[in-house]
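Written below as structure tokens is the structure these notes are about.
The values are calculated or read from the model by the stated rules, or taken from the named source; none is laboratory data. Just so it is clear, the structure is predicted and the values come from calculations on it, not from any experiment. We place every Cβ from the backbone using ideal geometry, glycine too, and count neighbours over all the protein chains shown.
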Amino acid sequence: MRLLEVDNRVILPELTHIRILVTSGDVIHSFAVPSLGIKVDAYPGRLNEISLFINREGVYYGQCSEICGLLHSSMPIAIEAISPSKFIN
């Protein structure tokens with residue numbers, strides 16, 4: 001899908017509690033995946049944490065929701081949820 005697909009997806013297992021730590025190296029970013037109900041800000045020099053539990057397999061799309069620099073409004077995020085057995089393999 002144009003402006004949503006990425007070269008390398010984040011692969012996560014479904015039906016597992018996941019803790020995500022977010023930080024930034026340059027400017028403020030906002031990691032948002034509305035279909036998973038998450039939005040977390042990344043600040044330089046700070047560590048932010050969010051907890052996640054994905055109920056079913058699929059691909060979930062999001063994007064950076066802050067205008068934090070050139071072309072950041074079109075910075076896509078794609079999370080692919082797969083079964084725990086596939087994730088381990």
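General remarks:
- All positions within the stretch 24-56 that are charged (D, E, K, R) and either in a strand (DSSP E or B) or under 22 Å from Leu4 (Cα atoms) (or both): Lys39, Asp41, Glu49, Arg56
- When restricted to residues that are loosely packed, with under 13 Cβ neighbours inside 10 Å and either at pLDDT 80 or above or among the β-branched types (Val, Ile, Thr) (or both), the stretch 59-79 contains 1.
- Pair list, Cβ < 6 Å and 6+ apart or interchain, from the stretch 5-32 residues that are under 15 Å from Gln63 (Cβ atoms) to residues that are in a strand (DSSP E or B) and of a type in the set (Asp, Glu): Arg9/Glu80; Ser30/Asp41
- When Pro76 is tested against the conditions (1) more than 17 Å from Leu3 (Cα to Cα); (2) touching a residue at least 12 places away in the same chain (Cβ under 8 Å), the lone failure is (1).
Let's see how each residue does on (1) over 11 Å from the mean Cα position of the chain (by Cα); (2) not basic (Lys, Arg):
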residue: Val10; (1), (2): no, yes
residue: Leu15; (1), (2): yes, yes
residue: Phe31; (1), (2): no, yes
residue: Arg56; (1), (2): yes, no
residue: Gln63; (1), (2): no, yes
residue: Asn89; (1), (2): yes, yes
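- Filtered residues of the stretch 7-23 (kept if charged (D, E, K, R) and part of a loop (DSSP other than H, G, I, E, B)): Asp7, Arg9, Glu14
Residue by residue, here is whether (1) surrounded by 13 or more Cβ atoms within 10 Å (Cβ to Cβ); (2) more than 19 Å from Ser65 (Cα to Cα); (3) at pLDDT 95 or above holds:
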| site | (1), (2), (3) |
| --- | --- |
| Arg2 | no, no, no |
| Glu14 | yes, yes, yes |
| His17 | no, yes, yes |
| Val22 | yes, no, no |
| Asp26 | no, no, no |
| Ser30 | yes, no, no |
| Leu36 | yes, no, no |
| Val40 | yes, no, no |
| Gly45 | no, yes, no |
